[in-house]
């Protein structure tokens, strides 16, 4: 669904959409497994920067609900996550702030995105909001054992006989210092 500036100049647009899995292209290791339902309102905010300088900002206020499948952070098995979130965002035309001098931004300015051309695609907004709503680390279960660092087997389902105490070679120098310190304290 495209929200154009011309359309929003006439009136705000209320929307209530249901997108089936595959409607939005997410990153390779995650997929939508439930219908993505969203409802909200898009309207136009005219930002007056001077007598003839008016910036058409698009404001989207909405909520979304869906289910996503993402890999477990330890064993890479698929995990289903339910999402239910709402957002209130402002999108400004790309290049509208290009002439602004470098300055520190305020908290409210961190909520501003940019759109290209004559309008904004709802699907682009939803993709971003789904990715932001997902937890940074998802586990299949709290005590997930993960993958074996040696053979790559999933240690939850396929135990292996690999040594579990293999040291990372990057710590070898510190290990040598530790051993030297211990030996110097033990000497008679």
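Could you say whether any residue in the stretch 13-20 is in a strand (DSSP E or B), under 20 Å from the mean Cα position of the chain (by Cα) and surrounded by 12 or more Cβ atoms within 10 Å (Cβ to Cβ)? Yes, there is a match, as at least one residue in the stretch 13-20 is in a strand (DSSP E or B), under 20 Å from the mean Cα position of the chain (by Cα) and surrounded by 12 or more Cβ atoms within 10 Å (Cβ to Cβ). Every condition in (1) under 30 Å from residue 141 (Cβ atoms); (2) part of a strand (DSSP E or B); (3) modelled with pLDDT under 90 is met by residue 81 except one, and the failing one is (3). Hey, can you tell me all the residues within the stretch 34-71 that are in a loop (DSSP other than H, G, I, E, B) and at pLDDT below 95? The answer is 34, 51, 52. In contact with a strand residue (DSSP E or B) (Cβ under 9 Å, 6 or more places away or on another chain), surrounded by fewer than 14 Cβ atoms within 10 Å (Cβ to Cβ) and in contact (Cβ under 8 Å) with a residue 24 or more places away in the chain: does that describe residue 67? Judged against the criteria, residue 67 is not a match.
Tell me whether the stretch 7-16 contains one or more residues that are closer than 15 Å to residue 66 by Cβ and touching a strand residue (DSSP E or B) at 6+ places or on another chain (Cβ under 9 Å).
Of the stretch 7-16, the ones closer than 15 Å to residue 66 by Cβ are 16.
Remaining after also requiring touching a strand residue (DSSP E or B) at 6+ places or on another chain (Cβ under 9 Å): 16.
Yes; the residues of the stretch 7-16 include at least one that is closer than 15 Å to residue 66 by Cβ and touching a strand residue (DSSP E or B) at 6+ places or on another chain (Cβ under 9 Å).
The values are calculated or read from the model by the stated rules, or taken from the named source; none is laboratory data. Owing to the predicted nature of the structure, the values given are computational and were not obtained by experimental measurement. Here the Cβ is made from the backbone with ideal geometry for all residues, glycine too, and neighbour counts use every protein chain on show.
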